[in-house]
Amino acid sequence: MAHRAAVVVPTPAHSSLAAPLTYRSELALAPGTLVRVPLGRREVLGIVWDGEPQAAGAEEKAVSGALDGIAPLTESWRQLVTFSAAYYQRGIGELALAVLPPQLRELGPAQLARRLKRRSERIAPSASTRRTGPELTVQQREVLESLRGEPGTSLLFGATGSGKTEVYLRAVERVLDEDARAQALVLVPEINLTPQLLARFVERFGEDSVVPMHSGMTPPQRLAAWLAAHLGDARIVLGTRMAVFASMPRLKLVVVDEEHDPSYKQQEGARYSARDLAVWRGRSEGAQVILGSATPSLESWLAAERRRYRRLDMPARVGEGTLPAVRLVDMNLQPKGTVFSAQLLQALRERIARGEQSLVFLNRRGYAPVLACTACDWKSECPHCSAYRVFHKIDRSLRCHHCGFTERVPRACPACGNVDIAPFGRGTERLEEQLAALLADALRPNGEPARIARMDADTTRGQGALERQLAEVHAGEVDVLVGTQMVTKGHDFRRITLVAAVNADAALFSSDFRAPERLFSLLMQAAGRAGRDAGQAIASEMWVQTWHPRHALFAALARHDYPGFAARQLKEREQAGMPPFAFQALLRAEARTQETAQGFLNGAAEAAHALPGAHGVSIYSAVPMAVQRVANVERAQLLVECASRAALQRFLAQWQPALHTLRPKGLIRWAIDVDPLVV
């Protein structure tokens, strides 16, 4: 007897084939079963889905084979994918297959069977040896006691250095002790934070219990980690945003570290928020969720104020260490052209002489953001993007950070032939060079010259480069570390006693309403790298060079007053009707010309006004994106906004079919971004 099954397949973005397709099968297939099915001229991986198959068609094809060596994906996992696809306006098949390991999508039943056999032969049962953690502080014990009981979402508001990681470790330990098969998911915002946190979890729970999961892993590594989680061999999964979709049949705890970080929002394909999905998944599966941060997102802070989340405070640092004193340097009083104030340079020299470390950060890599001719108007514009190419002195190149187009620095101005072309502005590479010159006479306690090092996306690109640089900092081989925001997040640098922000004003008057929130978070996190050793905490300092020392943001920073800053920001947002008091979505279009992109968006706006769900939804005019051309593709966007999340979702669901009918010539792609971080 032939059976029929509904199967989701990897359909293109916004394809009309968003619903599951119907296939014939000789055997009854349970929902969640992985199968190989024909799709057009290809054979692809599909997943048997819930619901009745569509009515039989003349072209109904047969399932090629089932990957029966793997247990079906659970109902809770399928519900997570279904919700995510609906909320973020994507096809179920597109999302479901995209979050599986790439290598799994390529394997047939026989290949998978061989892989599983080799895996079982390699895995030897081992007694898990668990190490005892350090003695808990009073506030850590109180927080852990509060976490006992019913599942729910807790916002752990803990100062930098307060011991939040130990709370995560103990919470995971408790869950694993209470249920011999329980699993825990720990999310971190960026790959560069994975190694050090993974090392702590492996040290505590053993190598067999923990697997990493992030995009920097090779395809075989990603498949091995996914199988370990899916089969229940891995009790703990530690990964970046993609790990929120890990198949974990016995999930009991979800931890989201640095929950405020914008890296949790996917910016390509299905633009999901891993933090928000972690909260939804925990609620759906009855798992406890812990959101941790010293500077929570305003969305999470408001949710705690409205009692949707339980707020747990850890205001004190471990070891009774104090938070660094904040020193504001008024750049209006410095000589023109000053990059490093005399006071800051003296403070750096004093640290070097005492054998302490300093951190100087600037959120712009490269040597200079632009190269320009002093005789004419030529600047190092990218021919493919509406942006400048950044000057990288180390390899004498001009590199576009949007499309990657790279050229050697010209010997003379391409426009007028003038040989006097000069860098304008500063990046971390130039900052490192200037500091090395200014501190050339600074000596370490052993009489050796100070060592200046740089850590950014350029210096950590090679295999193992990040781990090597972090090891050098921890070993005390670096006196002054220059870097971008990647060095301000989550790292436990025990010897750093001074942190300096040399250009903190850029975000103060940005058109992005979230810019002050991001800046305050960045500066608070950066300050948290100083004085983490309680013995040195009292002498630790955070220096901020600013042209606006009386700005309210810096006043709150000097007091380490996140609640006060959040209250002020939320009041302004509420008065302006902006998130989290309103809900937004962006319709983005990419085309060969700006006219085509905006023409599509204008047509979409006209169609939107005619929808029954458009009442109460504000539909704004189409505008070019901030960087309107990337890789010769023109980009534009249209904002829609509503005071009700549910009403906005109903509107978007009605809008989707209308958007499929609009296909002007020259349109390359379009996408809806729900809850965008950049408007």
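Some values worked out for this structure:
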quantity: All positions within the range 150-190 that are under 16 Å from residue 251 (Cα atoms), in a loop (DSSP other than H, G, I, E, B) and of a type outside the set (D, E, K, R); calculated: 151, 152, 180, 182
quantity: Filter pass, residue 394 being touching a residue at least 12 places away in the same chain (Cβ under 8 Å), open to solvent by 40 Å² or more (accessible area, probe 1.4 Å), out of contact with any Pro (no Cβ under 8 Å at 6 or more places or on another chain) and closer than 21 Å to residue 433 by Cβ; calculated: yes
quantity: Subset of the range 358-396 [more than 13 Å from residue 422 (Cα to Cα) and more than 28 Å from the chain's Cα centre (by Cα)]; calculated: 381, 383, 394, 395
quantity: Positions within the range 646-676 being on the phi > 0 side of the Ramachandran plot and either surrounded by fewer than 17 Cβ atoms within 10 Å (Cβ to Cβ) or in a helix (DSSP H, G or I) (or both), in sequence order; calculated: 666
quantity: Number of the exception - residue 600 against (1) within 23 Å of the chain's Cα centre (by Cα); (2) among the hydrophobic types (A, V, I, L, M, F, W, C); (3) assigned to a helix (DSSP H, G or I); calculated: (1)
quantity: Number of the condition not met by residue 363 [criteria: (1) farther than 30 Å from residue 136 by Cα; (2) in contact with a strand residue (DSSP E or B) (Cβ under 7 Å, 6 or more places away or on another chain); (3) not acidic (Asp, Glu)]; calculated: (2)
quantity: Only listed residue being of a type outside the set (A, V, I, L, M, F, W, C), assigned to a loop (DSSP other than H, G, I, E, B), free of Cβ contacts under 8 Å to residues at least 60 places away in the same chain and touching an Asp or Glu at 6+ places or on another chain (Cβ under 6 Å), chosen from 411, 494, 454; calculated: 494
quantity: Residue count, the range 194-217 (criterion: charged (D, E, K, R) and in contact (Cβ under 8 Å) with a residue 40 or more places away in the chain); calculated: 3
quantity: Out of 422, 440, 504, 471, sole residue that is outside any helix (DSSP H, G or I), at negative phi and open to solvent by 50 Å² or more (accessible area, probe 1.4 Å); calculated: 440
quantity: Search result, residues across the range 443-462 that are open to solvent by less than 70 Å² (accessible area, probe 1.4 Å) and either modelled with pLDDT under 90 or more than 26 Å from residue 410 (Cβ to Cβ) (or both); calculated: 444, 447, 450, 452, 453, 455, 456, 457, 458, 459, 460, 462
quantity: Test for residue 183: is it in contact (Cβ under 8 Å) with a residue 60 or more places away in the chain, open to solvent by less than 20 Å² (accessible area, probe 1.4 Å), out of contact with any Phe, Trp or Tyr (no Cβ under 8 Å at 6 or more places or on another chain) and more than 25 Å from residue 263 (Cα to Cα); calculated: no
quantity: Single residue of the range 250-274 satisfying the filter (acidic (Asp, Glu) and either modelled with pLDDT of 95 or more or under 20 Å from residue 521 (Cα atoms) (or both)) that is nearest to the chain's Cα centre (by Cα); calculated: 261
quantity: From 146, 154, residue being closer than 18 Å to residue 292 by Cα and open to solvent by less than 10 Å² (accessible area, probe 1.4 Å); calculated: 154
quantity: Flag if residue 300 is in contact with a strand residue (DSSP E or B) (Cβ under 7 Å, 6 or more places away or on another chain), of a type outside the set (Val, Ile, Thr) and not in a strand (DSSP E or B); calculated: yes
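Table: residues versus (1) surrounded by fewer than 16 Cβ atoms within 10 Å (Cβ to Cβ); (2) out of contact with any Ser or Thr (no Cβ under 6 Å at 6 or more places or on another chain).
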| residue | (1), (2) |
| --- | --- |
| 290 | no, no |
| 319 | yes, yes |
| 324 | no, no |
| 327 | no, yes |
| 336 | yes, yes |
| 343 | yes, yes |
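Here is a yes/no grid of residues against (1) within 26 Å of residue 242 (Cα to Cα); (2) open to solvent by 60 Å² or more (accessible area, probe 1.4 Å); (3) at pLDDT 85 or above; (4) within 32 Å of the chain's Cα centre (by Cα):
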site: 89; (1), (2), (3), (4): yes, no, yes, yes
site: 97; (1), (2), (3), (4): yes, no, yes, yes
site: 105; (1), (2), (3), (4): yes, yes, yes, yes
site: 137; (1), (2), (3), (4): no, no, yes, yes
site: 140; (1), (2), (3), (4): no, no, yes, yes
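The values are calculated or read from the model by the stated rules, or taken from the named source; none is laboratory data. Computed from a predicted model, the values in this text were never measured in an experiment. Cβ sites come from the backbone with ideal geometry, for glycine too, and all protein chains shown count toward neighbours. In case anyone asks, the SASA skips ligands and DNA or RNA and just uses the protein heavy atoms, side chains included. Shrake-Rupley method; radii C 1.70, N 1.55, O 1.52, S 1.80 Å.
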